[in-house]
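Working notes, structure below.
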Amino acid sequence: MRGLILAGGLATRLRPLTQVTNKHLLPVYNKPMIFYPLDSIIKSGVKEILILSSSDHAGHFANLLGSGDQFGVRLYYVIQDNPKGGIANAISLAEEFAGGQNLLVVLGDNIFGYDLKPAVEYFDKKGKGAIVFGVKMPTESKQYGVIEMDTQGKVLSIEEKPEHPKSDIAQTGIYMYDSRVFDFVRNLKPSQRGELEVTDLNNHYLKEATLECRLIDWWIDAGTSHDELLRANNMVAEKIAKGVIK
């Protein structure tokens, strides 16, 4: 399996903090934000990771992370020329890098403590389909994609920001896809926002009944607002003090 971290976008909701830098380089307690998803992928056993960013900040990531030797992995970089293309569009830029292998995708502003290694090993053996990761958010789930699943982890439905959610499980920015993902992206049509939506991509797998969900215990979407960035700093500090994360 190959890894992909999506660290592009304009981050207008975090201005002026992002006026001259990428939001994924902002500090979260004692590390740049991107270190958290990178660490999660490294711990999963994935050794080759692609960092996607915009042309304005690609050099900043390369200066910070280098070749990956310091982390024991190999890092590669790609530029997304259209930052408004959507998550599915960003995933499509990893086709050559993936080289026919399965792909683990993590958004660069997602911070979580879930061990991805068992899921990576399971998925590599399974060989077909996709896995999404959800977190229970009883009062906030409808602000995200909402996942409805059965007791075996099979996804029954995914709805983007529904008015009447079918569950309290919010879709996080962590995904695993088989090599067909790029063919599915090519068949997507832009949404009303003009983006290729990741929920539409996931629904391709849902229609063929190969989409599964894993629940994680905690998760922060640190790049969505100043309040969430502050919450991320406080929560990470608390988790480090308790020894939950390092």
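The values are calculated or read from the model by the stated rules, or taken from the named source; none is laboratory data. What you see is a predicted model, and the numbers here were worked out from it, not measured in a lab. Cβ atoms come from the backbone with ideal geometry, glycine included; neighbour counts cover every protein chain shown.
Do we find a residue being in contact (Cβ under 8 Å) with a residue 24 or more places away in the chain, of a type in the set (A, V, I, L, M, F, W, C), under 26 Å from Lys31 (Cβ atoms) and loosely packed, with under 15 Cβ neighbours inside 10 Å anywhere in the stretch 220-233?
Restricting attention to the stretch 220-233, the residues satisfying the condition of being in contact (Cβ under 8 Å) with a residue 24 or more places away in the chain are 220-226, 229, 232-233.
Retained after the next criterion (residues that are of a type in the set (A, V, I, L, M, F, W, C)): 220, 222, 229, 232.
Imposing the further condition that a residue be under 26 Å from Lys31 (Cβ atoms) reduces the set to 220, 222, 229, 232.
Filter again for loosely packed, with under 15 Cβ neighbours inside 10 Å, leaving none.
Checked against the condition, which is being in contact (Cβ under 8 Å) with a residue 24 or more places away in the chain, of a type in the set (A, V, I, L, M, F, W, C), under 26 Å from Lys31 (Cβ atoms) and loosely packed, with under 15 Cβ neighbours inside 10 Å, the stretch 220-233 yields no hits at all.
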TODO: Tell me which residues, restricted to the stretch 12-52, are within 25 Å of Glu95 (Cβ to Cβ) and either assigned to a strand (DSSP E or B) or small (Gly, Ala, Ser) (or both).
DONE: Ser40, Ser44, Gly45, Glu48, Ile49, Leu50, Ile51, Leu52
- [ ] Could you check Leu50 against (1) under 23 Å from Thr172 (Cβ atoms); (2) touching a residue at least 60 places away in the same chain (Cβ under 8 Å) and say which number it fails?
- [x] (2)
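Can you spot a residue in the stretch 95-112 that is farther than 23 Å from Arg214 by Cβ, surrounded by 21 or more Cβ atoms within 10 Å (Cβ to Cβ) and not β-branched (Val, Ile, Thr)?
The first filter runs over the stretch 95-112 and keeps only residues farther than 23 Å from Arg214 by Cβ, leaving 95-97, 99-100.
Now restrict to residues that are surrounded by 21 or more Cβ atoms within 10 Å (Cβ to Cβ): none.
Scanning the stretch 95-112, I find no residue that is farther than 23 Å from Arg214 by Cβ, surrounded by 21 or more Cβ atoms within 10 Å (Cβ to Cβ) and not β-branched (Val, Ile, Thr), so the answer is no.
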- [ ] Sort through Glu195, Glu140 and tell me the only one that's over 23 Å from Lys117 (Cβ atoms), out of contact with any Ser or Thr (no Cβ under 9 Å at 6 or more places or on another chain) and crowded, with 16+ Cβ neighbours inside 10 Å.
- [x] Glu195
- [ ] Specify which of the listed residues (Tyr29, Tyr36) is at pLDDT 95 or above, touching a Phe, Trp or Tyr at 6+ places or on another chain (Cβ under 9 Å), farther than 19 Å from Ile79 by Cα and aromatic (Phe, Trp, Tyr).
- [x] Tyr36
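Conditions (1) modelled with pLDDT under 95; (2) assigned to a loop (DSSP other than H, G, I, E, B); (3) in contact with a Leu (Cβ under 9 Å, 6 or more places away or on another chain); (4) at positive phi, marked per residue:
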position	(1), (2), (3), (4)
Lys84	yes, yes, yes, no
Ile91	no, no, yes, no
Ile111	no, no, no, no
Ala119	no, no, yes, no
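Considering only residues that are of a type outside the set (S, T, N, Q) and without any contact (Cβ under 8 Å) to a residue 60 or more places away in the chain, which ones fall in the stretch 6-27?
Residues of the stretch 6-27 that are of a type outside the set (S, T, N, Q), as a first pass: 6-11, 13-17, 20, 23-27.
If the condition is that a residue be of a type outside the set (S, T, N, Q) and without any contact (Cβ under 8 Å) to a residue 60 or more places away in the chain, then Arg15, Pro16, Val20, Leu25 are the ones that fit.
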Open item on the list: Every residue in the stretch 66-124 that is more than 18 Å from Ser40 (Cβ to Cβ), without any contact (Cβ under 8 Å) to a residue 24 or more places away in the chain and small (Gly, Ala, Ser), please.
Closed with: Gly66, Ser67
Task: Val132 vs. criteria in contact with a Pro (Cβ under 9 Å, 6 or more places away or on another chain) and either among the aromatic types (Phe, Trp, Tyr) or modelled with pLDDT of 95 or more (or both) - done: no
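State all residues of the stretch 175-190 that are in contact (Cβ under 8 Å) with a residue 60 or more places away in the chain and within 21 Å of Gly134 (Cβ to Cβ); if no residue qualifies, say none. Even if it seems obvious, please write down each step before you answer.
Of all residues in the stretch 175-190, those in contact (Cβ under 8 Å) with a residue 60 or more places away in the chain come to 175-179, 181-182, 185-186, 188, 190.
Answer for the stretch 175-190, where residues must be in contact (Cβ under 8 Å) with a residue 60 or more places away in the chain and within 21 Å of Gly134 (Cβ to Cβ): Tyr175, Met176, Tyr177, Asp178, Val181.
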